[in-house]
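What follows is a single structure, written as structure tokens, with notes after it.
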Amino acid sequence: MSFVAIFFAGAFLCNAMPHLTAGLRGEVFPSPFSTPHGKGPSSPLVNFLWGVLNALIGLALLVHHPFAPGVNVDSAALLVGVLVMGVFASVHFGRVRREGLF
């Protein structure tokens, strides 16, 4: 069952990227702490901290469920986690931007 934890590690690590980059660039970006949740703007500091928390959770999952990169189920689970979160985030934030919420 470690592939489930590795899937979520990929999802958390993928989700960390837009929040970290927005925070480091000093830009507002939606987060779960914005109003409305996940759609309104959050400050760069909130995004940076949220990104760090996501990265720490993803890394903690990988530390507790280590795997050997390669052509195997664990690597596929990590990739699928990244893909699922990436597709969800790109569709969600694309819609939010089109609606002009941030």
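Computed from the coordinates by the stated procedures, all read-outs in this text should not be read as laboratory data. Note that the coordinates shown come from a computational prediction; the quantities given were computed from them, not determined experimentally. So basically every Cβ, Gly included, is an ideal-geometry build from the backbone, and we count neighbours across all protein chains shown.
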With the 8 Å Cα cutoff and a minimum separation of six or more residues, the range 18-58 has a relative contact order in percent of 42 percent
Karplus 3J(HN,Hα) series, Hz, for the range 51-62 with 6.51 cos²θ - 1.76 cosθ + 1.60 (x for Gly, Pro):
x, 4, 4, 4, 5, 5, 5, x, 5, 4, 5, 5
Round to a whole angstrom and tell me the spacing of the C-alpha centers of the range 54-102 and the range 1-37.
8 Å
Say each of K39 and V4 gets a label point 7 Å from the Cα, pointing the same way as Cα to Cβ; how far apart are those two points in nm?
3.2 nm
Give the shape of the range 47-97 as rounded, prolate or oblate, defined through the alpha-carbon gyration tensor: a ≥ b ≥ c are the square roots of its eigenvalues, a/c under 1.5 means rounded, and otherwise the shape is prolate if a/b is larger than b/c and oblate if not.
oblate
Gaussian network model of the chain, springs between alpha carbon atoms under 10 Å - residue of V71, V87, V28 with greatest fluctuation
V71
If one computes P(r) from the Cα atoms of the range 22-63, what percent of pairs lie at distances over 17 Å?
34 percent
If you build a Gaussian network model of the chain, linking Cα atoms that sit under 10 Å apart, which residue out of G51, G70, G26 swings the most?
G70
Please compute, over every Cα-Cα pair in the chain, the percentage with a separation greater than 19 angstrom.
45 percent
Which residues' amide hydrogens lie under 5 Å from the amide hydrogen of S42, considering only partners 5 or more residues apart or on another chain, with H built in the peptide plane?
F29, S31
For the chain, build the charge dipole from Cβ charges (+1 Lys, Arg; -1 Asp, Glu) around the Cα centre, then report which of V82, V4, G94 sits farthest towards its positive end.
G94
Applying the Karplus parametrisation 6.51 cos²θ - 1.76 cosθ + 1.60 with θ = phi - 60° to the phi angles of the range 83-92, what ³J(HN,Hα) value in whole Hz is obtained for each residue in order, glycine and proline being reported as x?
5, 4, 5, x, 5, 4, 5, 5, 5, 4
Given charges at beta-carbon only (K, R positive; D, E negative), |dipole| of the chain in Debye:
280 debye
